[in-house]
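Below is one structure, written out as structure tokens; the observations come after it.
The values are calculated or read from the model by the stated rules, or taken from the named source; none is laboratory data. Predicted model only: the values in this text are computed from it and were never measured. Using ideal geometry, Cβ is built from the backbone for each residue, glycine included, and neighbour counts are taken over all protein chains shown.
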């Protein structure tokens, strides 16, 4: 019974973190990721053209880009956190490794996405490509990152489902 108590405590703590991280309209994600994303973009764009940053607005010659919350992709980072924490039986060190891999991967892909969109911002392709990223490709990014990480780190449990299986067996006893 001691093992079951430890599993219940672990499950409770994992879902409590998921809940707390989602409070305030994902405040913690946007508060940390917005300046990091903006500064990274400014640094990279400065390699190609003079770029200044005022709050969350990148100012380039003939172009200003406001980095709104959707650009930051906080909800995609939150989804990766949910997938990570709702997967049972992962040791803390491995869980941190998974978070690092998934978050860094998404961050890099998001920066590349924004740079691509900036490069075509004044063309007729911008709106179509922007919407394609918005509705389709960002979802594919998250799914691909998660599947890659699961395969690479040999994770065999299924998020949420295996927790429900455990709870069902626990209550049934």
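Values computed for the structure shown
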read-out	value
Any chance residue 55 is farther than 22 Å from residue 161 by Cβ, exposed (fewer than 14 other Cβ atoms within 10 Å of the Cβ) and under 21 Å from the mean Cα position of the chain (by Cα)	no
Within segment 60-76, considering residues that are loosely packed, with under 15 Cβ neighbours inside 10 Å and within 23 Å of residue 30 (Cα to Cα), the one nearest to the chain's Cα centre (by Cα)	70
Of all residues making up segment 86-114, the number that are touching a helix residue (DSSP H, G or I) at 6+ places or on another chain (Cβ under 8 Å) and either farther than 16 Å from residue 146 by Cβ or in a helix (DSSP H, G or I) (or both)	15
Some residue of segment 150-163 being assigned to a helix (DSSP H, G or I), surrounded by 12 or more Cβ atoms within 10 Å (Cβ to Cβ) and within 19 Å of the chain's Cα centre (by Cα)	yes
Residue count for segment 131-149, restricted to those that are free of Cβ contacts under 8 Å to residues at least 40 places away in the same chain and touching a helix residue (DSSP H, G or I) at 6+ places or on another chain (Cβ under 6 Å)	1
Cross-chain or 6+ apart pairs with Cβ under 7 Å, segment 61-74 first and at negative phi and touching a residue at least 40 places away in the same chain (Cβ under 8 Å), then exposed (fewer than 11 other Cβ atoms within 10 Å of the Cβ) and part of a loop (DSSP other than H, G, I, E, B)	63/122
Verdict on residue 39 being surrounded by fewer than 17 Cβ atoms within 10 Å (Cβ to Cβ) and in contact (Cβ under 8 Å) with a residue 60 or more places away in the chain	no
Filter result for residue 37 (farther than 25 Å from residue 160 by Cα, under 14 Å from the mean Cα position of the chain (by Cα) and part of a helix (DSSP H, G or I))	yes
Complete set of residues in segment 11-34 that are modelled with pLDDT of 95 or more, within 20 Å of residue 160 (Cβ to Cβ) and out of contact with any helix residue (DSSP H, G or I) (no Cβ under 8 Å at 6 or more places or on another chain)	12, 13, 16, 19, 20
Segment 84-109, residues that are surrounded by 13 or more Cβ atoms within 10 Å (Cβ to Cβ) and within 10 Å of the chain's Cα centre (by Cα)	99, 102, 103, 105, 106, 107
Unmet criterion (only one of (1) more than 22 Å from residue 130 (Cβ to Cβ); (2) at pLDDT 95 or above) for residue 45	(1)
